[in-house]
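Engineer: My questions all concern the structure below.
The values are calculated or read from the model by the stated rules, or taken from the named source; none is laboratory data. On a predicted model such as this, the values are computed, not experimentally measured, just so you know. A quick note on method: Cβ atoms are made from the backbone with ideal geometry, for glycine too, and the neighbour counts reach across all protein chains shown. Ligands, DNA and RNA are stripped out before the accessible areas are found, and what is left, the full protein with its side chains, is counted by its heavy atoms. Shrake-Rupley method; radii C 1.70, N 1.55, O 1.52, S 1.80 Å.
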Amino acid sequence: MWDCLHQSIIWRKMRQMNALPVTDQPLTMNLSKMWRALFIPGMLEFSLAHFFAKMVSYSFLLWLPFYLKNNEIGDHCLTTFQSGAIAAAFDVGGMIGSIGAGLLSDLLNARAVAITVLLYSSIPMIFLLRKFGDVNLPLTIFLVLITGVCVIGPHSVITSAVSADLGTHKSLKGNRKAKSTVTGLINGIGSMGAAFGPLITGALSSHKGWDAVFYLFMALYFAAGLLLTRLVVGEVKRWKICSPSLKRKASGREMLISENGSVHESEFISS
């Protein structure tokens, strides 16, 4: 009893000395604010695109060695070691694609455009891998590598750069804690795709064959690209508005937008 009283006295003294924050409210998380982050402009589109992208990429990562081992390449069956070694080219391509996608998004200053380019580029590569991936070994390795570049690149950029951008969106009013919430939501939704993808791949390949699996992958990446269409249009419009020496004519005046973003007005005389 005396120990409890002694600790209470110490606690009050520390509060008076401002050693502890003066608050009796528990540090609880506001779930309504967490779900409000889903309505940040672009959040839903990127999250769903990440769901589809991770669904396909993790299906490749987990099922590609099995696929290569059970399909003849150049009239030869691969060993377990060979199929695993060739499948590693997909990861190497993913590393290249992640770096390239990041550089492209920074160069264009447009995340959605860079991601959409890779999403749509993945569709023909997935088709070519299924159609010509069994011709000979060098072609198989090349197709697996390039497919990895296109498939893994998009979800890597969404996980990193896009999460950072959305976490500092002006609608959050400088809330630093929201950055972690946004990153967690995007990764959580993407992880759901990573969980469902390999499961669906196994069931579909058993009942409908591998053609159905590859067509599903192409459809998912096409859907992911469509989800980002509105954001791509917005970024393209921003390019036009921010382009150097852009002239807008309205109400007999000429609006000049310079490279630094400043707007100048001058009288416009029609010829």
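Engineer: Which pairs turn up if I take residues in segment 226-242 that are within 14 Å of residue 115 (Cβ to Cβ) and look for partners that are open to solvent by 70 Å² or more (accessible area, probe 1.4 Å) and not in a loop (DSSP other than H, G, I, E, B) with beta carbon separation below 9 Å, at least 6 apart in sequence or on another chain?
Structural biologist: Listed by first residue and then by second, the contacts come to 227/44; 227/48.
Engineer: For segment 116-144, which positions are open to solvent by less than 50 Å² (accessible area, probe 1.4 Å) and either of a type in the set (Asp, Glu) or in contact with a Gly (Cβ under 8 Å, 6 or more places away or on another chain) (or both)?
Structural biologist: Within segment 116-144, the first condition is being open to solvent by less than 50 Å² (accessible area, probe 1.4 Å), and the residues that meet it are 116, 118-119, 121-123, 125-126, 129, 133, 140, 143-144.
If the condition is that a residue be open to solvent by less than 50 Å² (accessible area, probe 1.4 Å) and either of a type in the set (Asp, Glu) or in contact with a Gly (Cβ under 8 Å, 6 or more places away or on another chain) (or both), then 116, 118, 119, 140, 143, 144 are the ones that fit.
Engineer: Give segment 185-214 a look and list any residue that's among the hydroxyl-bearing types (Ser, Thr, Tyr) and either open to solvent by 30 Å² or more (accessible area, probe 1.4 Å) or under 17 Å from residue 151 (Cα atoms) (or both), or say none. Explain how you work it out, then say what you get.
Structural biologist: So in segment 185-214, the residues among the hydroxyl-bearing types (Ser, Thr, Tyr) come out as 191, 201, 205-206.
Result: 191, 201, 206.
Engineer: Among the residues of segment 56-90, which ones are surrounded by fewer than 20 Cβ atoms within 10 Å (Cβ to Cβ), in contact (Cβ under 8 Å) with a residue 60 or more places away in the chain and either within 10 Å of residue 152 (Cα to Cα) or of a type in the set (D, E, K, R) (or both)?
Structural biologist: 72
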